[in-house]
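Engineer: To start, I am sharing the structure in question, which I have written as structure tokens.
Bear in mind that the values in this text are calculations on the coordinates, not laboratory data. In this text the structure is predicted, and so the values were computed from the model without any measurement. Every residue, glycine as well, gets a Cβ built from its backbone with ideal geometry; the counts of neighbours run over all protein chains shown.
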Amino acid sequence: MTYIVGDNCIGCKYTDCVEVCPVDCFYEGETMLVIHPDECIDCGVCEPECPADAIRPDTEPGTEEWVELNRKYAELWPVIITQKDPLPEADERDGEQDKLEKYFSEEPGEGG
């Protein structure tokens, strides 16, 4: 098992999770974070820290595409280990549907 970051993170990018991760397996894109599934040790400490409920175990139905998206962009984006402010629109976009199509960006974040 591993954890993934899903649709709920897009457009919000809360980073509460990165400070509790013992293995630094979070990577930052312009509009979301991802978890590298090969680096995640399945400890689960990040899941309750996410205010958007975007971190899910890969054993939940429908997470297969998210495992691959997380893997792909973890290889391209910089690691993030320090908590930052969420995106300015986070409160408005939290819980919104279909954010992958609306707000996802392949561009990397700053990392750090």
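Engineer: Any chance you could run the full-extension gain for residue 49 through residue 105? It's 0.36 nm times the residue separation minus the Cα-Cα distance, nm to one decimal.
Structural biologist: Working: separation 56, 0.36 × 56 = 20.16 nm, distance 2.34 nm.
Length gained, residue 49 through residue 105: 17.8 nm.
Engineer: Could you list the GluC sites (Glu not before Pro) in segment 36-92 that lie in coil according to DSSP, counting only those with at most 12 other Cβ atoms within 10 Å of their Cβ?
Structural biologist: Details: sites: 39, 49, 64, 65, 68, 75, 89, 92; in loops: 39, 75, 89.
Passing both the DSSP loop test and the Cβ count: 75.
Engineer: Separate question: Which whole number in µm²/s is D for the chain by Stokes-Einstein, with the Kirkwood Rh taken over Cα pairs at 20 °C and 1.002 mPa s?
Structural biologist: On the way: Rh = 13.4 Å.
Roughly 160 µm²/s, to the nearest whole number.
Engineer: Loop-only check: which trypsin sites (Lys or Arg not before Pro) in segment 5-112 are DSSP coil with at most 16 other Cβ within 10 angstrom?
Structural biologist: On the way: sites: 13, 71, 72, 84, 93, 99, 102; in loops: 13, 84.
Listed in order of number, the matching sites are 84.
Engineer: Mean residue ellipticity at 222 nm from the helices of the chain, using -39,500 (n - 2.57) per DSSP H segment of n ≥ 4 over the full residue count, to the nearest 500 deg cm²/dmol? Before the final figure, lay out each step's value.
Structural biologist: Values: 3 runs with 20 residues, N = 112.
The helix-only estimate for the chain comes to -4500 deg cm²/dmol at 222 nm.
Engineer: Post the alpha-carbon centroid distance, segment 10-28 to segment 69-112, in whole angstrom.
Structural biologist: 9 Å
Engineer: I want the local charge near residue 73. Using Cβ-Cβ distances under 12 Å, sum +1 for each Lys or Arg and -1 for each Asp or Glu among the other residues.
Structural biologist: Details: positive: 71, 72; negative: 28, 30, 68, 75, 106, 107.
Its environment carries a net charge of -4.
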